[in-house]
Amino acid sequence: MEPFFYKRIDERHLEYAFLCTNLEGTRFLDVGCGESTVALALYRLGFDAHAIDLMPYKFKFANSKTGNFLKADYKDDYFDTVACISVLEHLNQKSSVEMIEKIRKILKPGGVLITSFPVAGDWDGCAKIDPIGNFPGFEIEIVKYFDRKEHVVWTEYDPKTTDSSTIEHSIVLVKARKL
């Protein structure tokens, strides 16, 4: 019997590795945290870490909230890094624009947004997001495309030179800096 990790390597492993290698400063917010323990771990390490999700967060800590991020009260120009991992594709176009605007508002000048989402058309039911055109007020620093073959191995690819018919299940990782 093969070990579990050969059966399926979830995109979260890739997304959180990208987040951790691009994290800046000590003031951190995880928007749409789901069941992620990143904010909790950073909080326990002494970061001013926060988390918010529509669903109750099962890893409660002082700075975790249940609620709608768009209605939540956060200070302007406060956070060094905001993560929005696999969230934008679940919103309609208007709400995704509002979310990006609010994230820009609460990030410090020069602060970093780390986000990820499926490549348009690869996953059924997901919003189509252009990693370059949907981030006004940000400078895109890193855009990485990854595809998972046979639900096992993630491989980076260039969408300009890769035959789209060979793509099975891909995501985009983005690091954007507030202007």
Where residues in the stretch 94-112 are under 19 Å from Ile140 (Cβ atoms) and at pLDDT below 90, which of them is surrounded by the fewest Cβ atoms within 10 Å (Cβ to Cβ)? Val97
Residue check for Asp80: under 20 Å from Ile142 (Cβ atoms) and of a type in the set (D, E, K, R): yes
Flagged in the stretch 157-176 as modelled with pLDDT of 90 or more and loosely packed, with under 12 Cβ neighbours inside 10 Å, in numbering order, are Asp158, Thr161
Do we have any residue at all in the stretch 54-65 that's closer than 23 Å to Arg177 by Cα and surrounded by 13 or more Cβ atoms within 10 Å (Cβ to Cβ)? no
Hey, among the residues in the stretch 35-53 that are in a loop (DSSP other than H, G, I, E, B) and in contact (Cβ under 8 Å) with a residue 24 or more places away in the chain, which one's surrounded by the most Cβ atoms within 10 Å (Cβ to Cβ)? Ser36
With (1) part of a strand (DSSP E or B); (2) modelled with pLDDT of 85 or more as the list, and Pro136 as the residue in question, which single condition is left unmet? (1)
For Thr81, only one of the following conditions fails: (1) without any contact (Cβ under 8 Å) to a residue 24 or more places away in the chain; (2) part of a strand (DSSP E or B); (3) polar (S, T, N, Q). What is its number? (1)
In this structure, does Leu179 turn out to be modelled with pLDDT of 80 or more, of a type outside the set (Ser, Thr, Tyr) and within 18 Å of Ser86 (Cβ to Cβ)? no
Looking at the structure I just gave you, is Lys75 under 22 Å from Ser36 (Cα atoms), exposed (fewer than 12 other Cβ atoms within 10 Å of the Cβ) and at pLDDT 90 or above? no
Hey, among Thr115, Thr21, which residue is crowded, with 20+ Cβ neighbours inside 10 Å, not in a loop (DSSP other than H, G, I, E, B) and not charged (D, E, K, R)? Thr115
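The values are calculated or read from the model by the stated rules, or taken from the named source; none is laboratory data. Only a predicted model underlies this, so the values are computations on that prediction, with no experimental measurement involved. A quick note on method: Cβ atoms are made from the backbone with ideal geometry, for glycine too, and the neighbour counts reach across all protein chains shown.
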